[in-house]
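**Student:** I have a structure I would like to understand better, so I am pasting it below and will then ask my questions one at a time.
The values are calculated or read from the model by the stated rules, or taken from the named source; none is laboratory data. The structure presented is a predicted model; accordingly, all values stated were derived computationally and were not measured. All Cβ positions, glycine included, derive from the backbone under ideal geometry; neighbour counts span all protein chains shown. Each accessible area value is taken on the protein alone, full model and side chains, heavy atoms only, with ligands, DNA and RNA left out. Shrake-Rupley method; radii C 1.70, N 1.55, O 1.52, S 1.80 Å.
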Amino acid sequence: MLPPKVHPRHGRYFYVHKNKWHPLTRIDEGATALYTALQEWTSDRPATYGQLMTLYIAKAIPELRPATRPEYVRIINSRLQHHFGHLILNTLESMHVAQYLEMRKVEGAAVGGNRERAVLGSVISWGMRFGWCSGNPCHGVRRNRETPSKRYVTDPELSEVLNRAPAPLADLLAVAYLTGLRQGDLRIMTKEAITATGIRLRQSKDGKLREVTWSPPLKYFVERALARSETDFVFVGEKGRPYTMDGLQSALKRLDAGFRFRELRPKAASDAEHNVLGHDAQMLTRYVRHQRLKPVR
């Protein structure tokens, strides 16, 4: 979804104000360029939460980790702008945030409501730095209760999907399972990450360096992907371009996989005989969902 009063036309975004179409940026320049141009048509001092969100995307989003930015923009445009954007700054109260969380729980999106509350809180905290917001009504509001998923992808499930999947998608799914790497890191992984001993990359979420040594299956799937790619990226789709988040989700939906991509990390953590994710013991327990027990003797 686009911000209010922004419309695409002939490959360009326009800001429509008082029935006049003001050109902003080309569509292919991306979201950051759009919001940077859009802020010129809004007040330097935002009057509404919607204007604050526009400034936040233009100025604060680029400071976030690359893997986080698209989700923040999506939540702001698809949910927060619609629900809170029209409100005058400093009129939002904790009661309103709590009511929003309850509404999302009734809609069956309790977890989504928690994520949206977190993004709204980040936007308002950013506004407090400049004296635009006098307090953060998200603080102190109890989140919806979350029940951790216990979904475990079985070996037959994964094997059946890998056998049906197109080769490019099968390679990506197999490497995700064999390494426990996140979707975002795999999608943007370049050939520079491939070494003689395995895969070496810096994770986008926490900046930690991860090294995964070769196993025969891992080397097979990575080499097959490399032979196909004519770009700097290791994994490309059937059209030869790197996967996008939406594109990958659509591919899994068409495949009717029966599981989500992110459920391969818990499977990897559960099946590995070592700490394949590199987490501490407490965090690792959130991922391990299936234990293979050996007899005492």
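**Student:** I'd like to know if the stretch 80-101 contains one or more residues that are under 27 Å from residue 188 (Cβ atoms) and out of contact with any strand residue (DSSP E or B) (no Cβ under 7 Å at 6 or more places or on another chain).
**Tutor:** Yes, the stretch 80-101 has at least one match.
**Student:** Right, something else. Could you grab the pairs with beta carbons closer than 9 Å, sequence gap of 6+ or different chains, first residue in the stretch 104-119 and closer than 22 Å to residue 70 by Cβ and free of Cβ contacts under 8 Å to residues at least 24 places away in the same chain, second one aromatic (Phe, Trp, Tyr) and buried (at least 21 other Cβ atoms within 10 Å of the Cβ)?
**Tutor:** Every condition considered, no pair remains.
**Student:** Which residue pairs have Cβ atoms closer than 8 Å, lie 6 or more positions apart in sequence or on different chains, and pair a first residue in the stretch 138-167 that is closer than 30 Å to residue 91 by Cβ and at pLDDT below 90 with a second residue that is open to solvent by 60 Å² or more (accessible area, probe 1.4 Å) and not in a loop (DSSP other than H, G, I, E, B)?
**Tutor:** 146/111
**Student:** Sticking with this one: Restricting to the stretch 1-35, and then to whatever is aliphatic (A, V, I, L, M) and in a strand (DSSP E or B), can you tell me which residue is nearest to residue 80 (Cα to Cα)?
**Tutor:** As a first pass, look at the stretch 1-35 and keep what is aliphatic (A, V, I, L, M): 1-2, 6, 16, 24, 27, 31, 33-34.
With the extra rule that they be in a strand (DSSP E or B), the set shrinks to 6, 16, 24.
Details: 6: 16, 16: 21, 24: 23 Å.
Going through the qualifying residues, I end up with 6.
**Student:** To continue, here is another question. Just one of 240, 180, 198, 207 is within 24 Å of residue 153 (Cβ to Cβ), surrounded by fewer than 19 Cβ atoms within 10 Å (Cβ to Cβ) and of a type in the set (Gly, Ala, Ser); which is it?
**Tutor:** 198
**Student:** Right, next: Could you list, ordered by first residue, the pairs with Cβ atoms under 6 Å in which the first is in the stretch 21-36 and in contact (Cβ under 8 Å) with a residue 40 or more places away in the chain and the second is open to solvent by less than 70 Å² (accessible area, probe 1.4 Å), at least 6 apart or interchain?
**Tutor:** What qualifies is 31/73.
**Student:** Could you list, in sequence order, the residues of the stretch 224-255 that are within 17 Å of residue 175 (Cα to Cα) and of a type in the set (A, V, I, L, M)?
**Tutor:** 225, 226, 227, 234, 236, 245, 248, 251, 252 - these are the residues of the stretch 224-255 that are within 17 Å of residue 175 (Cα to Cα) and of a type in the set (A, V, I, L, M).
**Student:** I would also like to ask the following. Taking the condition assigned to a helix (DSSP H, G or I) and either touching a Phe, Trp or Tyr at 6+ places or on another chain (Cβ under 6 Å) or more than 23 Å from residue 74 (Cβ to Cβ) (or both), does residue 120 pass?
**Tutor:** Numbers: assigned to a helix (DSSP H, G or I): yes; either touching a Phe, Trp or Tyr at 6+ places or on another chain (Cβ under 6 Å) or more than 23 Å from residue 74 (Cβ to Cβ) (or both): no.
It is false that residue 120 is assigned to a helix (DSSP H, G or I) and either touching a Phe, Trp or Tyr at 6+ places or on another chain (Cβ under 6 Å) or more than 23 Å from residue 74 (Cβ to Cβ) (or both).
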